[in-house]
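Laboratory data are not the source of any read-out in this text; all were calculated from the coordinates shown. Because the structure is a prediction, the values reported are computed rather than measured. Positions of Cβ are generated from backbone atoms using ideal geometry, with glycine treated the same way; all protein chains shown enter the neighbour counts.
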Amino acid sequence: MDVRTCLRRLDYILLAAVLGLVVYGVTTIYFATRGDVAGDPLYYARSQVINAVVGLVALAAVAVVDYGVYRRWQWPIYAVTVLSIAAVYALGTVTRGSRRWIELPFFNLQPSQIGLVLVTVALGAFLVDRMELLGTRRITVEALVYVAVPASLVFFQPDFGTSTVYVALVLAMLYFYGTPWTHFAALAVVAVVAIVGVVWLLPAAGVEVVKPYQMDRLLVFLDPGRDPEGAGYNVRQSMIAVGSGGLTGRGDQATQTTLDFLPEHHTDFIFAVIGERFGFVGALVLIGLYVVVLWRALRIARLSRDTYGSVLAGGIAAMLLFQIVVNIGMTLGIMPVTGIPLPFVSYGGAAMVSFLLLIGLLQSIHLRAATTTPGVAGGRP
């Protein structure tokens, strides 16, 4: 496909919404961190711009490659994913009690984030290459085991938040693959039993699966008034920030952020910064941009030339939705704190590049959609 055709068939609505989110994120990061580094108010914002530029280059590179090639390379891709995540245990550095990053000369690599992109293309290929098993318990179990390997490695780093994204991804892709609803009902029962076992039964038997700080976060979620100066401090300050923003925000009077009452204000709790500084209107604009991204992703799933593209696009849409809901939910105190970033907005190089790679995949599917008409960005409405 030549450059002119690529430019003509891009989904510009999707691209514009994503760029809007990136700009929104960089702007919010600047206001949240301009006093964090003495003498360099642009430190975090400038770094995020660099992350975005790298991610956009990666997006373009992925978009021009026919996504169908990943089906032929599914097992090498899967092997690289598992081995890179496992390498963290030997080569990774410990930060705040977790071993998630591998320090390289110019950047820190977080394999669990990049692994989400790689597992998406590998799992999609795994499923569509077994269409004859569609509707059987066998393919559902095999898909769950397929993802359980990297997800378990991520969970024990420990990184509970990212491991739940892997779970959400496999469930979403099974749905778009056409798995019967009875399978999901059975999985829901198994999930409830597993949660009871992990949270109550195993600890009572002296087996620790969930770390103490993770248990504290869960207890704070169940009882918001618990430990307001300890485990519940972050959520309490976040809710104060969002509530004080009102309709149009407090602007430079956003004291929760500027006076550093709100922890992790450029990463996990950046939505609280938006709520305080820009108010309900600013939050609504952000959510509106997310709605456009999800709409275009689901539309691409419908327009895809084949089942593989539909499963990929649907999985990406669901994975983004899951992270959006969980991040905003924990900011508002209606979800447990998990450390899941807000897509395209939270500070972080690995997350930004990963999210933009996923958009590159969506563009690759859209460029080759059988129903996309030349001259119209996006084909059918």
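Assorted remarks:
- By the count of neighbouring beta-carbon atoms within 10 Å, fewest first, 365, 139 end up ordered 139, 365.
- Selected from 196, 366, 15, residue furthest toward positive end of dipole (the chain; charges at beta carbon): 366
- Among 238-246, 354-362, the order from most to least packed when residues are scored by Cβ within 10 Å on average: 354-362, 238-246
- By the beta-carbon count within 10 Å of each Cβ, the least crowded to most crowded order of 27, 179, 81, fewest first, is 27, 179, 81.
- Taking the fewest neighbouring Cβ atoms within 10 Å as the starting point, the ordered list for 262, 15 is 15, 262.
- Dipole magnitude for segment 3-367: computed about the Cα centre from +1 point charges on Lys and Arg Cβ and -1 point charges on Asp and Glu Cβ, it is near 980 debye.
- Cα centre as origin, Lys/Arg/Asp/Glu Cβ charges: segment 1-141 dipole, Debye: 280
- Restricting segment 102-183 to trypsin sites (Lys or Arg not before Pro) in coil, as DSSP defines it, with at most 15 other Cβ within 10 Å: 130
- In a reduced charge model with +1 at each Lys and Arg Cβ and -1 at each Asp and Glu Cβ, segment 247-381 shows a dipole moment near 740 debye about its Cα centre.
- Spacing of the two label points (7 Å from each Cα toward its C-beta) at residue 292 and residue 334, in nm: 2.4
- Selected from 90, 281, 308, residue furthest toward positive end of dipole (the chain; charges at beta carbon): 308
- Measuring gaps between exposed loop sites in the chain (GluC sites (Glu not before Pro); DSSP loop; at most 13 other Cβ atoms within 10 Å), the longest gap, sites not included, is 1-207.
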